[in-house]
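Coordinate-derived values only; no laboratory data. Just so it is clear, the structure is predicted and the values come from calculations on it, not from any experiment. Cβ placement follows ideal geometry from the backbone for every residue including glycine, while neighbour counts extend to all protein chains displayed.
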Amino acid sequence: MSQDYQDFIMKVKKKTGIDLALYKEAQMKRRLTSLYEKHGFSTFVEFFQAMTTDNSLYYAFLDRMTINVSEFYRNKSRWDILQAKVFPYLLENSKRLKIWSAACSTGEEPYSLAMVLNQLVPLNEISILATDIDENAIARAKIGIYQERALNEVPEQIKEKYFIQEQNHYKVDEKLKKVVTFKKQNLLAERFDQHFDLIVCRNVLIYFTEEAKMMLYKKFSEALKIGGILFVGSTEQIFDAEQYGFESFDTFFYKKYK
Ligand SMILES: C[S@@+](CC[C@H](N)C(=O)[O-])C[C@H]1O[C@@H](n2cnc3c(N)ncnc32)[C@H](O)[C@@H]1O
């Protein structure tokens, strides 16, 4: 690793608590190099100096390092399994499920969870915790206004029930918003709440080093109840799941069995 990038990592960690060393190096370096070059800097450390006095540069950094792409019902077939198999199984053991959408980006994932679960239980019995490191993404999630393309996978009758269309934007219904609590949280640095029935963490671990992934699987397992489920992204099957006390429940769903 170059000295310049190493110094940058150290300074960023000290200032923000974000440890870039836990993100895959080549990819992150490429993204951040193109950012500092775009702003006319020639080294990471120069960029860091500027970031300490110019907040807009800090937000540009945060925006570049967090990849916020998301959509409702991402990989739709998994959401069908969630509704038909995972939620019915979880509801056998507990009427009031404790659910966490970890790295929720701009809210599409936790709102999808609320919509799917509401097919089985009333809204007033649903509460979902949704967290992300990126405060801009959280702010947008709370506003809950989306472009049409984010709703490509949403079934028509669900769209009619939970969204209000305003020109080419879709606004999430206030009743649905009330069941999701958004919080800023760094998965790699902060403690996790416990006793979850379902943890959804999708399309973020792909950006982390193997070491960081292993640490997180262990922490997710500890944060789940026995019998609880971890729902991962569609490129994120867990290698050696038993090591964390997980067994496969369905494709991309893992059950904590011990
Ligand atoms: C590609 S999005 C995935 C959104 C959603 N889970 C999905 O699958 O559609 C990745 C999200 O991970 C968040 N993220 C990156 N590093 C994080 C960290 N250390 N702690 C919490 N969230 C993080 C980013 O801010 C971004 O919103």
Among 133, 18, 164, determine the one that fluctuates most according to a GNM of the chain built with springs between C-alpha atoms less than 10 Å apart.
164
Report the antiparallel proportion of the DSSP beta bridges in the chain as a percent, rounded to a multiple of 5.
45
Phi to ³J(HN,Hα) by Karplus 6.51 cos²θ - 1.76 cosθ + 1.60 over segment 146-160, Hz, x for Gly, Pro:
10, 6, 4, 5, 5, 9, 3, 8, 7, x, 3, 6, 6, 4, 5
Say we join alpha carbon atoms closer than 10 Å with springs in a Gaussian network model of the chain; which of 101, 221, 70 then has the biggest fluctuation?
70
The aspartates and glutamates whose Cα lies under 13 Å from the Cα of residue 171, excluding any fewer than 8 residues away in the same chain, are 108, 148, 160
Which of the peptides 238-247, 192-201 is most tightly packed, and how do the rest follow, going by the mean number of other Cβ atoms within 10 Å of each residue?
192-201, 238-247
For residue 208, enumerate residues with amide H under 5 Å from its amide H, sequence gap 5+ or separate chain, H modeled in the peptide plane.
24
Taking Cα atoms, how many degrees apart are the long axis of helix 108-117 and the longest axis of the chain, rounded to 10 and kept between 0 and 90?
10
Whole-Å distance, taken between Cα centres, linking segment 161-179 and segment 192-237
29
q = 0.31 Å⁻¹: log10 I(q)/I(0) that the Debye formula gives for segment 38-82, counting C-alpha atoms only:
-1.10
Of the listed pairs 13/225; 76/142; 178/255; 24/258, which have alpha-carbon separations greater than 25 Å here?
13/225; 178/255; 24/258
Dipole magnitude (debye, nearest 20) for segment 1-43, charges at Cβ of Lys, Arg, Asp, Glu:
160
How would 99, 67, 128 line up from fewest to most surrounding beta-carbon atoms within 10 angstrom?
67, 128, 99
How far is helix 44-53 tilted off the main Cα axis of the chain, in degrees rounded to 10, range 0 to 90?
80
Choose one of 150, 205, 165: the residue whose Cα lies farthest towards the positive end of the charge dipole of segment 150-215 (beta-carbon charges +1 Lys, Arg; -1 Asp, Glu; about the Cα centre).
165
In debye, nearest 20: dipole of the chain around its Cα centre with unit charges on the Cβ of K, R (+) and D, E (-)?
460
Computed on Cα atoms, the radius of gyration and Dmax of the chain in angstrom are 19.2, 58
Calculate for the chain the 222 nm mean residue ellipticity that helices alone would give, adding -39,500 (n - 2.57) per DSSP H run of length 4 or more and normalising by residue count, nearest 500 deg cm²/dmol.
-12000 deg cm²/dmol
Most mobile listed residue (215, 115, 65) in the chain, GNM with C-alpha springs under 10 Å:
215
Using eta = 1.306 mPa s and T = 10 °C, Stokes-Einstein with Kirkwood Rh from Cα pairs puts D for segment 114-154, in µm² s⁻¹, at 129
With N residues in segment 142-258, Rg(alpha-carbon) / (2.2 N^0.38 Å) equals 1.26
Please get the size of the charge dipole for segment 72-132, origin at its Cα centre, with Cβ charges of +1 on Lys and Arg and -1 on Asp and Glu, quoted in debye to the nearest 20.
140
Averaging sequence separations of C-alpha pairs under 8 Å and six or more residues apart, then dividing by the length of the chain, give the relative contact order as a whole percent.
17
Would you mind giving the average projected area, over all directions, of the Cα convex hull of segment 1-111 in nm² with one decimal?
9.4
Can you give the convex hull volume of the alpha carbon atoms of segment 82-136 per residue, in Å³?
75
